[in-house]
Structures are given as C-alpha cells and as structure tokens.
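For reference, the structure is listed below as structure tokens.
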C-alpha cells in the first residue's frame, strides 16, 4: 500500500465519520425531553447500578479464545508453504497441534468449555 | 514533507495521545478503550511498513483478543463505576518529572545514534517468506520458537483454568 | 538435521515428554485413579534428573539458536535436582482436600517453567532467551495464586504477574535497542558488534534492570517479600531457588559472553548493586518475624553474594557461582522444607515466635532447620561455607578488596539473624510450643536429600573441581 492511498483513505474516513456527526448535530430538528434519556427497558426505573459483576466463565472463554487466536496466527503462514515443504512442515505442525490439542482436551475434561 | 512522513506523524501523534490518555484516565474502562486506539494506531504503522501480516496480527490478536480479555477482566471485578482517586500533588509532580527526565534521556540517546540504514528496495514481506522462515530449522529459521510457543500456550491455558475454575468439578 | 541431533536437547525433550504423560494421565483417568499422579510425577522427574547426568554430545542446533555445552548441561542438571526436591516436598501438601483436584496442574505448571528455564539457559539468541524467560515466569504466577481461598495468595499472584510483565517489558525494550544497533539477535554476532555507543550502554541498562527484577537485586527487590509471603510455601521455595537460580545462570552466561566488550562497565554496575543488595537484604532480614519474609530477605542478600562470583568473572568465578547455587538449592530447600512441614502440620504457623521450644517437641526438624540456616550463613562444617569461600576467593583473585570487605562484614551480620530462629528453637522457653507430629514419608525423603546434599557437596571437593573443569567452554 503506498502512502498516497493511505492518506486518501485516512482523509475519506475522517471526513465521512466526522461529517456524519457534524451533519446530525446541526441539520435535524432537536427536541429535548427528559423522558428521552430515561431507561428504556420495560419502563421500570432501575434499582442501584446497572453495572453487574461478570461471571468468571467469560474470562475463561476469552482466554481460551485468545490462545486459539494466537494459534491461528501461526497456522496461517504454515498453510501457505505446506505444499512446498512437504513432510518437514507436516511433522512440525503435528507437534504443534498435538500439544495444543492436548490442551483443548484438558480444558474439555475440566468442564471449562461448558457454561455453569 | 512526503506522504509517508505525514502518515507517520499522524499515527505517532495518535499513539502518543492515546497512550497518555490510557494512563491518565480515571475510569478503568475508558483506559481500556484508549488502549484499543493505541493498538489500532500501531497496526497503522505496520501497514505503512508494508507488513500486512503483522498488521493483521496486531488487529486480530491485540485489538480483537487482548482488549476483549482486558474488558472482561475489568467487568469481572465488581466496583466498576468507581473512579481512581486523585493522586496527591506531590506524587504527580515527582512522577511527572521522573517520566519527563526518562523521556529526555531516552530520546536524546536515540537521536545521538546513527543507525546503519541499509538501502533496500521496499520489499513486500509476503506470506510465503514468513512461512518459510517460520518453518526453517537452519540459521535465521524460527522453528524452535514456533514449537516452544505451543508449550507456552498450553501452560497459559492450564494456568488460566487453575486460577479461574471453581473448586469442585461439577458433572454436566 | 539428523535424528541424533535431538540428543543435544534431551533435557527439554524429556521434560516435555513427561509433561505430556502427566497431561494424558490427567485427561484419561477418573477421579479414583488420580491418586497415582503424585508418585508418577515424582518418579518421572527423578528419572529425568538421573538421565540428565548421563554423558552426551554437545554442540549447537537450529543455526546457533540452541547451544548445548557441558556447563549449560550442568546448570540444567542442578535445576532439575532443585525441582525434584520441590516435587518431593510438595507431595504431602498436595494431598490435602483443597488441593485434591489440581494436583497434576501443580506438576504440569512447574514442569513447563522448568522447560522454559532449560531453553533459556541453552539459548543462543535473544528470541529464545526471551521466550524461555516468559515460559519460566507466567505459569509461576498462576502457582503463586494456587491457594484459591487465601487473599494473600491471590495478592502474591497478581504482584508477581504485574512485576514480571513490567520487567519483561523493560528487558524487551533493551533487547530491541540491541537489535536496532547491532542488527542481529544471535549472541555470537551481538557480542562481536557490541561497542560502547550511548544507545548500546542504555540498552544494557534496560537489560540489566529487567534481569535485576527477576533476580531481585536491591533497587528492584520490593516485590520479593510480599510474593514470598503470600504464595504457598512450596511455590515460594521453588521461586526462591530454582527460578532465581535459572535467572542467575543465564545472566552470568550473557554477561560473560554477550556483553564481554563492556565488561569493565558492567563490573562497576554490579559492584555497587552487589554491595547494596547484600547490605540492605541483611538489614531488612533482621527485622522480620514471619519466617517466609525472613527467608525472602535472606534470599535477596544471597543474590548479592552470588553476584560476587559474576564480578570475579574468571573461570573460577563462574564455577563458584554454579557451585554456590547448588549449595543454595540444598540449604534453602532444607529450610523451606521444614517450614512447610510445620506450617502444614500446625495449620499455618509461620512466625518465629511460634518456633519457641521446638527442639523439645520436634528435635529432628529443629536440627534440619539449624543445619540449613548454618549452611545459608556459611558456618564451616556445612557446604555453605565452601560456597561462600569460593565466591570470596573469586573476588579476591581480581583484587576487589573493598567489595570483599563489605561481603565479609555482611556475612558476620547475617550470622546474627540466621541464629535467631536457632535461638528460638533451642533456648527460648514456651508454654505451648508446636506439638510433636510425625511427618510422612515424602517429607522425610525430601529433607534427607537436602541434609545429605548440604553435607556431601561440602566435603566432596570432587564436585567443585568437576564444575571448574566445565567452566572453560561456558
């Protein structure tokens, strides 16, 4: 990508997003009403804060996702040269897969993959 | 100023501004979002270097994965609407001075150095080159780190489960 | 690459293999058979430790990324011994109800850190070095938070992971500067091209700071006491002995090989930090009441003593460092083993005043702790004396008289506080001292190995001579 196209992309992006915000601030008619900024859900006012503590399960899923995300990053270059390198590439990725596959099996066995 | 320099300046400014906002914001969730902007701007730098793969990794792993993980962890801790307390004036001044002194020292040292810039034609680092050096076991090959990373990921997975899993394993 | 080449990597490969075996055993057995995992892991680790000592070829692999020399193999063997003792000492602690269903994880995480340390010691470039370092620190943080229901343990885990992230960041910044000025990450290329331009000196400072956090050298030691106190005793002992040992090993290798061009400079830096580390570690250790904190500060000051050998820099100095770590493993693990046994049997009593009159009720444990503390202090009959003696010789040989004086003074100070627990056990009277209890077989075996190590390593001069012959090649 040459820098000219990047600059063009950047300017167009700034213009479109910024333009939309400016446009919507100035052009439409505005009517202010306290009910509009009220909570919308079922009409009942919330009690206390609406921030909830998340279940720890989310964290577990997120970190498992992240680990396999990183794994994908490494598999992608491998897939490109797989045919070219043949057997060597196969053995190398096999070791990689076996170790991480065992990790997945372990997570499964520990019931980390089901929602409690 | 060429186009490249202009883009570099823009991305650099974005990174610096959002980095400062990340550490100075008093709401932790906002800090996480500012961090996201820092990471995305860094991806922009990689795009400028014509290193599409690294930029894509930066976007998927850092901006996509790690920030999500950070936000989940923030939401996991309960007192979320809490603001950090304002640090005392004395501490602010001293840490500010220390940071500025560090910045001046680092930048002046880097500016003094003449990096041996080798004149190479703008080279496209394509996937094939990356794959070949990743799986190469000779010099400048990275197959050993590649395999060790699988052990690191496995250990991270086990460690996360040990910390986060409830005591007794429940039957499904 | 031929198949025999993998013999060079046998430490790492065997450790990976036993990690996989334990993982498979964990996945494919039901709850009833899981009891077998503890003895299985210990036996496998013992086999790996013994196999490690068998003679094997040396050389480099992966284009210089992996280096196996006799000295590095010796270092790995020493770490294996330390890990084995920790495994044995943890066996009875892991049997308790809280830990029942995460036994294999304990072993798996420890083994993976050990794999990381081994790769780190054998690294021939900064990439493998950094990867090994990360593999050696991340799982340990999870282990520090192993006691899920103790706030202190979680705090230790958080502190450890934050401080290791910070120090890794600093280290990585230094490495990136080195790469920027030299254009290569391979040690042999860096060592040739490394000069003393301002940026390179700065990169060294960053590198030094990062490593100083890992070894807990004084201005960067503040995390040590809290983490050591909060983590479970067995994890603390691993952290203070094996983790620290591995970091010292690779640090000394890199200082002598990679940064040899600026040796005069790093020796000055080390001189000052070593003096401060020994002194401050000692002064703080004197004031501690909790024994884990006490040993944390004692391990800080021990790190200062170890740096003496690195400053000596000669082949005698390297041998002294490696030998001292070996001795330190036996002594510190002996002390921690006794503390762990007492803490487990008495429901978490770890304060020095709890040990009053212990000799009356538990003479064997008291004697072991006394011996271990003597060895840490460097009192003649046990191995610690010889370890310190060689370190001092290495410094004296190079003519660092002032540093030697400071070190000797610190040894005398340290005698005082190492004898405090001994006084508590033998002299102090207590109305309710900890009642007599019988430790189980594993604990006994662990302590016997430590005691035997402290005595034999000291008297068998063969061991030091052998290490010394290895230290030529590094």
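The values are calculated or read from the model by the stated rules, or taken from the named source; none is laboratory data. Keep in mind that this is a model prediction, so the values were computed, not measured. As a convention, Cβ positions derive from the backbone with ideal geometry for all residues, glycine included, and neighbour counts pool all protein chains shown.
Residues checked against (1) away from every other protein chain (no Cβ under 14 Å); (2) modelled with pLDDT of 75 or more; (3) touching a helix residue (DSSP H, G or I) at 6+ places or on another chain (Cβ under 9 Å); (4) not in a loop (DSSP other than H, G, I, E, B):
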| position | (1), (2), (3), (4) |
| --- | --- |
| A:18 | yes, yes, no, yes |
| A:29 | yes, yes, no, no |
| A:47 | yes, no, no, no |
| A:52 | no, no, yes, no |
| A:92 | no, yes, yes, yes |
In the stretch C:380-389, residues that are under 19 Å from residue C:300 (Cα atoms) and either crowded, with 20+ Cβ neighbours inside 10 Å or touching a helix residue (DSSP H, G or I) at 6+ places or on another chain (Cβ under 6 Å) (or both) total 3
If we keep only residues of the stretch C:117-128 that are within 8 Å of another protein chain (Cβ to nearest Cβ) and buried (at least 22 other Cβ atoms within 10 Å of the Cβ), then the residue nearest to residue C:20 (Cα to Cα) is C:119
Per the filter on the stretch C:174-196, residues at the interface with another protein chain (Cβ under 9 Å from one of its Cβ atoms) and either under 15 Å from residue B:106 (Cα atoms) or part of a helix (DSSP H, G or I) (or both) are C:177, C:180, C:181
Filtering the stretch B:3-26 for residues that are within 22 Å of residue B:95 (Cα to Cα), in contact with a helix residue (DSSP H, G or I) (Cβ under 9 Å, 6 or more places away or on another chain) and modelled with pLDDT under 90 leaves a count of 3
Of the listed residues (A:114, A:63), the one being surrounded by fewer than 16 Cβ atoms within 10 Å (Cβ to Cβ), within 7 Å of chain B (Cβ to nearest Cβ) and out of contact with any strand residue (DSSP E or B) (no Cβ under 6 Å at 6 or more places or on another chain) is A:114
Just one listed residue, out of A:7, A:67, A:75, A:11, is out of contact with any helix residue (DSSP H, G or I) (no Cβ under 6 Å at 6 or more places or on another chain), modelled with pLDDT of 75 or more, assigned to a helix (DSSP H, G or I) and closer than 29 Å to residue B:11 by Cα, and it is A:11
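Conditions tested, residue by residue: (1) surrounded by 15 or more Cβ atoms within 10 Å (Cβ to Cβ); (2) farther than 30 Å from residue C:42 by Cα; (3) touching a residue at least 12 places away in the same chain (Cβ under 8 Å); (4) touching a strand residue (DSSP E or B) at 6+ places or on another chain (Cβ under 8 Å).
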position	(1), (2), (3), (4)
C:369	yes, no, yes, no
C:372	yes, no, yes, no
C:396	yes, yes, no, no
C:402	no, yes, no, no
C:410	yes, yes, yes, no
C:444	yes, no, no, no
C:449	yes, no, yes, no
C:470	yes, no, yes, no
In this structure, does residue C:68 turn out to be touching a helix residue (DSSP H, G or I) at 6+ places or on another chain (Cβ under 7 Å), more than 30 Å from residue B:143 (Cβ to Cβ) and either within 13 Å of chain B (Cβ to nearest Cβ) or in contact (Cβ under 8 Å) with a residue 24 or more places away in the chain (or both)? no
Only unsatisfied item for residue B:41, checking (1) more than 9 Å from chain A (Cβ to nearest Cβ); (2) surrounded by fewer than 18 Cβ atoms within 10 Å (Cβ to Cβ), is (2)
Of (1) assigned to a helix (DSSP H, G or I); (2) under 21 Å from residue B:152 (Cβ atoms), residue C:146 fails just (1)
Being within 7 Å of another protein chain (Cβ to nearest Cβ) and surrounded by fewer than 18 Cβ atoms within 10 Å (Cβ to Cβ) narrows A:81, A:56, A:98 down to just A:56
When restricted to C:171, C:114, the only residue more than 10 Å from chain B (Cβ to nearest Cβ), buried (at least 22 other Cβ atoms within 10 Å of the Cβ) and in contact (Cβ under 8 Å) with a residue 60 or more places away in the chain is C:114
Selection over the stretch C:55-69 where residues are at pLDDT 85 or above and closer than 11 Å to residue C:7 by Cβ yields a count of 1
All conditions in (1) under 21 Å from residue C:120 (Cα atoms); (2) within 14 Å of chain B (Cβ to nearest Cβ); (3) surrounded by fewer than 20 Cβ atoms within 10 Å (Cβ to Cβ); (4) touching a helix residue (DSSP H, G or I) at 6+ places or on another chain (Cβ under 7 Å) are true of residue C:17 except (4)
Filter the stretch C:139-149 for residues that are free of Cβ contacts under 8 Å to residues at least 60 places away in the same chain and under 16 Å from the mean Cα position of the chain (by Cα); the one that is surrounded by the fewest Cβ atoms within 10 Å (Cβ to Cβ) is C:141
Inset, instruction - Evaluate the stretch B:16-37: report whether one residue or more is closer than 17 Å to residue A:7 by Cα, in a helix (DSSP H, G or I) and without any contact (Cβ under 8 Å) to a residue 12 or more places away in the chain. - result: no
_Tell me whether the stretch C:72-82 contains one or more residues that are within 17 Å of the chain's Cα centre (by Cα), assigned to a helix (DSSP H, G or I) and closer than 17 Å to residue C:143 by Cβ._
yes
